[in-house]
Amino acid sequence: MGKKIVVKTEDLTKKYDGVTVVDRLNLEVAENEVFGLLGPNGAGKTTSILMLMGLTEPASGTAKIYGFDSTREPLKVKRLAGYLPEKVGFYDTLTARENLRFIAELNNIGAAESEPLIEQVLKSVGLGEVGNKTVNKFSRGMKQRLGIADVLVKKPKVAFLDEPTAGLDPEGINQIIDLIGNLPKMGTTVVFSSHRLYEVQRVCHSIGILSKGKMVVQGALDEIGRDAMTEGRFRIEVETAEPSPQLIGVIKKIKGVIKVAAEGNVLRITTDADLRAEISKAVVQNGVALIQVKIQEFSLDDIYMKYFHEG
């Protein structure tokens, strides 16, 4: 049985002053996954999210959340989805807890339900000990975590997070990324917009790359990686005392080895699996001294560089 698709667009298009900023976007996000929406600034990421949330109307095409049309049924969509914009706004003179109470009231969540929920959400984002501090005393990272708490108070089935690590230091980025990675365990599907490749690779199950408003490629990260690395998924470097033609021939016969290139005492081997153990064994059994073995797996940078320039 296939995964349940909970976010879906069909030929979604948006124009501003005659300029197409989102061009026939076809997007699918499965339930309880973290989907990375990648692209440089101006690629159409934020506009796509705004259309999915029903906050701006498309020129044509459709956007649906759990089957509800974002343009025709925006209130139903907003009950199911939460949105964290790139720049989060709060009432600075109110405490974190008071800000969340206000959000709960706006969403018609009564005190009996909201109070324990607020405590739970503050704890889940690491702000349980500072809930009674006013927001003007918060760091940028704390405000970002409060922004995610703001989204979670609504108990959304889907959370749209637009550049949630913008302006944070490395420690703050790590905290936010770890938090995002845990959201599917809480029953929340995440669409995570970013232009930082390493962040997306850490937590996303699937990705889509936008370029000039068009979806260049989308799918599971592993599958896209295999497609992008047309000559194999892994690159293994083996340094030996003296690689003989006989050794090269043996390595070429190992299942999963695609190509072997010798440069001095270094063999550069392209494979579709991690074959370090098999290759090392072959080197030793052929009586050749093994100095070191290094491996490099495909990275999101490889995928991005391949597909982004095709957009």
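The values are calculated or read from the model by the stated rules, or taken from the named source; none is laboratory data. As the structure is a prediction and not an experimental result, all values here were calculated from the model. Heads up, the Cβs are rebuilt from the backbone with ideal geometry, glycines too, and the neighbour counts pull from every protein chain shown. Please note that ligands, DNA and RNA were not included when accessible areas were found on the heavy atoms of the full protein model with its side chains. Shrake-Rupley method; radii C 1.70, N 1.55, O 1.52, S 1.80 Å.
Some observations on this one:
- Theoretical ellipticity at 222 nm over the chain - DSSP helices of four or more residues, -39500 (n - 2.57) apiece, nearest 500: -10000 deg cm²/dmol
- Its Cα gyration tensor gives the range 64-150 an equivalent ellipsoid, and the semi-axes of that ellipsoid, as √(5λ) in whole Å with the largest first, are 25, 15, 11.
- Computed as a quarter of the hull surface, the mean projected area of the alpha carbon convex hull for the chain stands at 20.2 nm².
- For the chain: relative contact order, % (alpha-carbon pairs under 8 angstrom, 6 or more apart): 19
- Note on the range 4-130: Cα convex hull, mean projected area over all directions, 9.6 nm².
- Rg over Rh for the range 34-74 works out to 0.99, using Cα positions for both radii and the Kirkwood form for Rh.
- With the convex hull of the Cα atoms taken as the outline of the range 123-193, the averaged projected area works out to 4.6 nm².
- Lysine pair number, Cα distance threshold 24 Å (strictly under), the range 89-160, separation 8 or more or different chains: 12
- DSSP finds beta bridges in the chain, and of those with both partners inside it, around 70 percent are antiparallel.
- Solvent-free Debye calculation, one equal scatterer per alpha-carbon of the range 170-271: log10 I(q)/I(0) at 0.17, 0.21, 0.24 Å⁻¹ equals -0.85, -1.03, -1.23.
- Loop trypsin sites (Lys or Arg not before Pro), the range 29-131, which have at most 15 other Cβ atoms in a 10 Å radius of their Cβ (DSSP): ARG72, LYS87
- The residues of the chain present an accessible area of 50 Å² per residue when probed at 1.4 Å with all protein chains retained.
- Summing Cβ point charges (Lys, Arg +1; Asp, Glu -1) relative to the Cα centre of the chain gives a dipole of roughly 380 debye.
- Accessible area of the chain belonging to carbon and sulfur atoms, whole % at 1.4 Å probe: 48
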